[in-house]
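Data first, discussion second: the structure below is written as structure tokens.
The values are calculated or read from the model by the stated rules, or taken from the named source; none is laboratory data. If you're wondering where the values come from, they're calculated on a predicted model, not measured in any experiment. With ideal geometry, Cβ positions are generated from the backbone for all residues, glycine too; neighbour counts draw on all protein chains shown.
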Amino acid sequence: MQFRNLVILSAVAIVLPVQWASADIDLPTKFSNQGTIGNTRHNLTQRQTSGGGPSGASMDQFRNDYREVCVYCHTPHGANTNIAAPLWNRTVRETTYTLYNQASLSGAISQPGANSLACLSCHDGQTAVDSVVNMPGSGGYKEAQKTSQDNVFLNTWTNTSGPDATSHFGLKEGKECLGCHAPGAELGAGATSFTTFALGTDLSNDHPVGVKLPTGADWNVPSGTKDNIRYFDANSDNRLSKGDIRFYDTGEGPEVECASCHDPHGVPSAGAGSKFNTTFLRVENTGSAVCLTCHNK
């Protein structure tokens, strides 16, 4: 059955939340964005760990609810060693991305490194948000999942919290996530727009990744070094902290990657217990603070 029919036949298949049938507006998140990644949109169970939050049951047919927050990205055993990311559990396709290429670019640029590919394994929209290599428990491992999504394998999971997933959606247009989560959505109006976060494989209109640390008067120089990372020591404590913007060296010198400016687990804006910076930024961008960390303008 097509997803379009699921929406039309809601009495049979799924009852859509009231706001999905409302005016086509961008709704704020129902996650608190406070305390733990479990209270953010990166909790793909869609069930806030502190209680409240979104209705995870409304999404259970469209992604596996693994009942564990970390497993959508990490696994203690059988990790995807094709990518140098910590105990990585997601499918990572072999992809050549279209890169940023403007005359103003002052440094050499290469394909995204591991600290971007980890993010792009979801945000480029090629792979379902629940496409993992190793499901929780025993017997839910598939080697081929490291590079390709197998829906037959994903369908073996039982959603004990709600209906079993019969579709596995990625962050892209059409009858997938952006079918509802976009202005003028094809399938349902009113859901929070995810269009900004759906990057695709064409990165030419996004901040360059894989670009080397520039030098010269237009650039600030990071003061800290930790292993293969150069970082701006924001609080001058001589330690690499979650809130420090950084450059990663994976063999070609320090480069900008997605994780240079974003921490997927969230960074408290004003110390422990406070709300996380928006869009998982390491530094809140008030007054262009993220930009001016690197750019001397």
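Regarding the stretch 159-182, can at least one residue be identified that is at pLDDT 95 or above, closer than 18 Å to Ser110 by Cβ and charged (D, E, K, R)?
no
Could you figure out which of (1) within 24 Å of His74 (Cβ to Cβ); (2) surrounded by fewer than 21 Cβ atoms within 10 Å (Cβ to Cβ); (3) modelled with pLDDT of 90 or more; (4) in contact with an Asp or Glu (Cβ under 8 Å, 6 or more places away or on another chain) isn't true of Ser110?
That leaves (1) as the condition not met.
Which numbered condition in (1) at pLDDT 95 or above; (2) over 22 Å from the mean Cα position of the chain (by Cα) is the only one that Ala272 fails?
(1)
Would you mention how many residues in the stretch 43-102 are in contact with a Leu (Cβ under 7 Å, 6 or more places away or on another chain), of a type outside the set (Val, Ile, Thr), within 22 Å of Phe280 (Cβ to Cβ) and free of Cβ contacts under 8 Å to residues at least 60 places away in the same chain?
1
Restricting attention to the stretch 138-158, report how many residues are in a loop (DSSP other than H, G, I, E, B) and modelled with pLDDT of 95 or more.
From the stretch 138-158, those in a loop (DSSP other than H, G, I, E, B) are 138-140, 142, 147-150, 155-158; that's our starting set.
With the extra rule that they be modelled with pLDDT of 95 or more, the set shrinks to 140, 142, 147-150, 155-158.
Result for the stretch 138-158: 10.
On the given criteria, is Ala85 out of contact with any strand residue (DSSP E or B) (no Cβ under 7 Å at 6 or more places or on another chain), closer than 22 Å to Gly266 by Cβ and assigned by TED's automatic domain parsing to the domain that holds His42? Lay out the reasoning, then the answer.
On the way: out of contact with any strand residue (DSSP E or B) (no Cβ under 7 Å at 6 or more places or on another chain): yes; closer than 22 Å to Gly266 by Cβ: yes; assigned by TED's automatic domain parsing to the domain that holds His42: yes.
Yes: the conditions hold for Ala85.
When residues of the stretch 228-238 are filtered for being touching a helix residue (DSSP H, G or I) at 6+ places or on another chain (Cβ under 9 Å) and surrounded by fewer than 17 Cβ atoms within 10 Å (Cβ to Cβ), how many remain?
Residues flagged as touching a helix residue (DSSP H, G or I) at 6+ places or on another chain (Cβ under 9 Å) and surrounded by fewer than 17 Cβ atoms within 10 Å (Cβ to Cβ) within the stretch 228-238 amount to 1.
What number goes with the only condition from (1) touching a helix residue (DSSP H, G or I) at 6+ places or on another chain (Cβ under 6 Å); (2) modelled with pLDDT of 95 or more that Thr225 does not pass?
Thr225 satisfies all of (1) touching a helix residue (DSSP H, G or I) at 6+ places or on another chain (Cβ under 6 Å); (2) modelled with pLDDT of 95 or more except (1).
Taking the stated definitions as given, is Ser161 surrounded by 16 or more Cβ atoms within 10 Å (Cβ to Cβ) and either out of contact with any Ser or Thr (no Cβ under 6 Å at 6 or more places or on another chain) or not in a loop (DSSP other than H, G, I, E, B) (or both)? Steps first, answer last, please.
Details: surrounded by 16 or more Cβ atoms within 10 Å (Cβ to Cβ): no; either out of contact with any Ser or Thr (no Cβ under 6 Å at 6 or more places or on another chain) or not in a loop (DSSP other than H, G, I, E, B) (or both): yes.
In short, no.
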